[in-house]
Structures are given as C-alpha cells and as structure tokens.
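Each remark here refers to the structure printed beneath this line.
The values are calculated or read from the model by the stated rules, or taken from the named source; none is laboratory data. Keep in mind that what you see is a predicted model, and the values were worked out from it rather than measured. Reconstructed Cβ throughout: ideal geometry from the backbone, glycine too, with neighbour counts over all protein chains shown. For accessibility, only protein heavy atoms count, side chains too; no ligands or nucleic acids. Shrake-Rupley method; radii C 1.70, N 1.55, O 1.52, S 1.80 Å.
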Amino acid sequence: MNKQAILREFKDYFNITLGLMLYTFAFTVFLLPYQIVTGGITGIGAIIFYATRFPVQYTFFIINAVLIIAALKILGWRFLTKTIYATFMLSFMLEVAQDLMTMPNGTFYKLLGDGNDFMSLVIGCALTGTALAIVFLNNGSTGGTDIVAAAVNKYHNISLGKVLIMVDLCIISSSLFIDSFGTFDLRCKKVVFGLCTMFIECSMLDFVMNWQRQSVQFMIFSKKYQEIANAIATNTDHTITILDGHGWYTGKEMKVLCLLARKRESVLIFRLIKSLDPNAFVSQSSVIGVYGEGFDAIKVKVKKSVETKYNANHTPNEPDRQLPG
C-alpha cells in the first residue's frame, strides 16, 4: 500500500471517528434521556433498555456481530473492516457517554429540561442524520440497519435514506407493545415521535450525502485549452473531452473543453483556469447525476429479455450504432 493510499485510509478512519462522536453525543444527550424512540439498531437497543434496563451498547454489539458475519460476502472485508471498527468504537462511546449523562439517582440528565421532548427530538435527529452521512461518505458504516441499507444500495438505485425508512418503520412500530411507556395513548405518542425522528434523520442523511455528491459540468472556452486541460487532468484526476467549436460572429474555429466534476472541486478548477487564462469564458451548470468511472455506479438491472434480444440482433462483425452527439 503506497503512502497516498495510507493517508486516504487514515482520513477515512479519522472522519468516521468524528461522525461516531457526533452520533454518540446526539443520541445520549438529546434522545435517550427523553425516551425518544429511533430507528436502527440503537433504536432497538433503546426500546429494550426502556423495557428491561438492559444496556443499549450490549444490544447494539450483539446484533451487529450477527449482521456483520451475514454481510461479509455481499459487502467485502474493506467495507466491513470499518464497520467492525465503528461497532466497537460506538459501543465504547455509548457506554462512556451514558455514564456521564446518568445522575446519582439513576436517571438521565435532561439538557433542555422537562417538557422539551420535541425540541430535543429535532436537534438530536438532525445531528444523528448528519453523523450517519459523515460515516457513509467515508466508506464506513455504524453497522446494524446501515449494513442492510448498504447491501441494498450496492445492487439497486435506492437511496440509503429510503431503505432506512422502510426498516425503521418496523422498529418504531414495535414501541406500541412496550408497557413501560404507559397507556396506549402515550405509546401512540411515542410512535408519532418515532416517525418524526425517522423523517428528520433520513432527510438529513440524504441531504448531506447528496450535497457532497453534487456534480457540475464545465464548458471552457480558451485559446490556452491545452494548458488548462493538462492542469486540470494533473490536479483532479479527471479526463476531459475536447469539442470542436465554431464562433458564429467571428467565424473562427476554436476548441471547447467539456468536464464533469464534483461540485466541491469547483474552486480548484476555477483557480487553475484563472491562473492560466484570466480571460477564459467558462460555463458551469449543475447536473442531476453522473454515472461511470470516478462517479456513481449505474445500479439498474438489465432485463434478460432485453439482453437476449440485443445479443440475437448483434453480430460480432457488426459495428455498434453510435448515438447522435
């Protein structure tokens, strides 16, 4: 493993740890003291804790161990190594955080005071959703339902948030059967609160991940197109397409650079362009999605009937038909 790969792995683990710390803080400070039901394995652990006082971190660890073993073949060691790391770290952090948040009488300290359950819910879930996105964006997982979501997302073009919503619905609904929550009316209230946690957390997860994955298209018009293309290719590892342009007013031929990149790379690309040609004409536009090498994978399945029909009509010596443009 070269130095660059080692630094990339170190960065992933560092960011995953930050995400786990944020998740632990949000869960133990804003959600657990107010008996707010959430989704995921921590939600299952919380429900069991409310009913039996069995520690959340132990439930979290046991269920994760089973899911990790089951998912080894689907997700591979590289993904699950970080998941195993996250499972141990989050179990440890939850135990330490709960000890710090427990008062001498055995109850949890409520940071926002009594009666502010919903406000605590909003703050806590906004933070946990952000924390999960940080972990996912760095090729990690907090385990549990995240493993299920990652396995589905690997083969199907379904967002992580949508998968988590489906799984969390089942977990949150189970709080109707927890007698320690009180009367049926109070249990219904817990379910409604749980649905709110699910919506806020999953919305934040998708928002942060989509924000980080936004892509843009550059159209660069410059006489120094070769220097700009070399600089961008060297500094961003992106390939560039050179298009033939023809000025309507001047009648002159010119080259146009076409480039697809992540939105977060925009500042770097603009700096490279400006340093080589301050008078370059640049068009930047947002794109809905970019799929292929260096970007997201195409996750749709080709129907066998379509594939069979294509193979039947396509002979080895026949050239592929080119689409216009």
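Structure notes:
- Computed E for K224/I288 - FRET, C-beta separation, R0 22 angstrom, nearest 0.05: 0.10
- In order along the range 223-238, the Karplus-derived 3J(HN,Hα) couplings, from 6.51 cos²θ - 1.76 cosθ + 1.60 at θ = phi - 60°, round to 6, 9, 5, 5, 5, 5, 4, 5, 5, 5, 4, 6, 8, 10, 6, 9 Hz, and Gly and Pro are given as x.
- Residue-by-residue Karplus 3J(HN,Hα) for the range 59-69, coefficients 6.51, -1.76, 1.60, Hz, glycine and proline x: 4, 4, 5, 5, 5, 4, 4, 5, 5, 5, 4
- When the charge dipole of the range 181-246 is built from unit charges on Cβ atoms (+1 for Lys and Arg, -1 for Asp and Glu) and taken about the Cα centre, the candidate among H246, T236, C188 whose Cα reaches farthest toward its positive end is C188.
- Entries in K224/K274; K224/K263; K223/K274; K224/K252; K11/K274; K223/K252 that, when Cα-Cα distance is taken, lie over 20 Å: K224/K263; K11/K274
- For the pair the range 2-45 and the range 182-235, the centres of their Cα atoms are 18 angstrom apart.
- The 1.4 Å probe gives accessible areas that order S286, S266, largest first, as S286, S266.
- Lys, Arg +1 and Asp, Glu -1 on Cβ, resulting dipole of the range 213-287 about Cα centre, debye, nearest 20: 260 debye
- Projecting the Cα atoms of T42, G106, N15 onto the charge dipole of the range 1-111, computed from C-beta unit charges around the Cα centre, puts N15 farthest toward the positive end.
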